[in-house]
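A short worksheet on the structure shown next.
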Amino acid sequence: MRLPTQLTVLRIVLVPVFFVLIAIVHPPEIGWAGFVFAVAAISDWWDGYMARKMELVTPLGAFLDPLADKLLTGAAFIAFAWMSIIPWWMVIIVVFRDIFLTLLRRFADNIGLHVKTSLFGKLKTFAQMIFIILLLVLLFAEEGHFGMKMLSLARSYFTSDISFWLMGFITLLTFASAVSYCYDNWSVLRRVTARYLLRRTGQEPV
């Protein structure tokens, strides 16, 4: 297993560690959870950089890398919903979108098709990461680690509807990215549907 793929696997391993620290341990270990999330996020950039520089891009790595990203952000959103910071129904939409596109990419690869990436997808990932980092910083500030002013700001934030509206924007962006993926990969979606859902073995639509 090449180094970039090893870093991706490390990121996947860190996902349950992050979730336990923030959602299961009582009281939550926000500082350690933030550290684990930071390590995972940095490894995301590093494995991509190493894969491109060393020309070590592999089919396994190409599949695991976006999967690791989705697992990490999905774990964070589920943890925040668990803590009643954001609504569950928004998290379900985000997670369902990720599951759908992961399966589409996997099934498309099985029949030699390529799923094109979407600009909305990149914007979605960027917005999600910024939102997660913001909440982690505010949760850490709520414990008094950044002084009284930040403590007051964090408490004001969590007693307002800001998280709801920010998560609402991310949910809308996530849904738009799913629509964009389906539009840009309509022929792939039709062929995957014909092969795996309609059980067609003859000629497939193009």
**the stretch 149-199, residues that are touching a residue at least 12 places away in the same chain (Cβ under 8 Å) and over 30 Å from ALA81 (Cα atoms)** = ASP184, ASN185, SER187, VAL188, LEU189, ARG190, ARG191, VAL192, ARG195, TYR196
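For ASP47, are the conditions met, namely being under 19 Å from the mean Cα position of the chain (by Cα), within 29 Å of ILE162 (Cα to Cα) and either surrounded by 15 or more Cβ atoms within 10 Å (Cβ to Cβ) or at pLDDT 85 or above (or both)?
Answer is no for this residue.
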**Item:** Residue count, the stretch 77-103 (criterion: under 16 Å from the mean Cα position of the chain (by Cα) and surrounded by 15 or more Cβ atoms within 10 Å (Cβ to Cβ))
**Value:** 15
**Fill in**
Note on the stretch 1-21: residues at pLDDT below 75 and surrounded by fewer than 20 Cβ atoms within 10 Å (Cβ to Cβ) are MET1, ARG2, LEU3
**Fill in**
Residue pairs qualifying under the 6 Å Cβ cut-off, at least six apart or on distinct chains, with the first in the stretch 106-118 being surrounded by 13 or more Cβ atoms within 10 Å (Cβ to Cβ) and the second being in a loop (DSSP other than H, G, I, E, B), are ALA108/VAL115; VAL115/ASN185
**Complete:** Of (1) over 25 Å from TRP186 (Cα atoms); (2) at pLDDT 95 or above, ILE92 satisfies every one except (1)
**Request:** For the stretch 134-149, enumerate the residues that are of a type in the set (Phe, Trp, Tyr) and not in a helix (DSSP H, G or I).
**Result:** PHE146
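Is it the case, given these coordinates, that SER152 is surrounded by 12 or more Cβ atoms within 10 Å (Cβ to Cβ) and more than 25 Å from ILE78 (Cα to Cα)?
Working: surrounded by 12 or more Cβ atoms within 10 Å (Cβ to Cβ): yes; more than 25 Å from ILE78 (Cα to Cα): yes.
In short, yes.
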**Check on ILE86, in contact with a helix residue (DSSP H, G or I) (Cβ under 8 Å, 6 or more places away or on another chain) and of a type in the set (A, V, I, L, M)** = yes
**Message:** Name the residue that is farthest from the chain's Cα centre (by Cα), counting only residues in the stretch 104-150 that are at pLDDT 90 or above and among the β-branched types (Val, Ile, Thr).
**Reply:** VAL137
**Request:** Please work out if LYS149 is within 26 Å of VAL91 (Cα to Cα) and not β-branched (Val, Ile, Thr).
**Result:** no
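The values are calculated or read from the model by the stated rules, or taken from the named source; none is laboratory data. Keep in mind it's a predicted model, so treat the numbers as computed, not measured. When we count neighbours, we look across all protein chains shown, and the Cβ atoms used for this are built from the backbone with ideal geometry, even at glycine.
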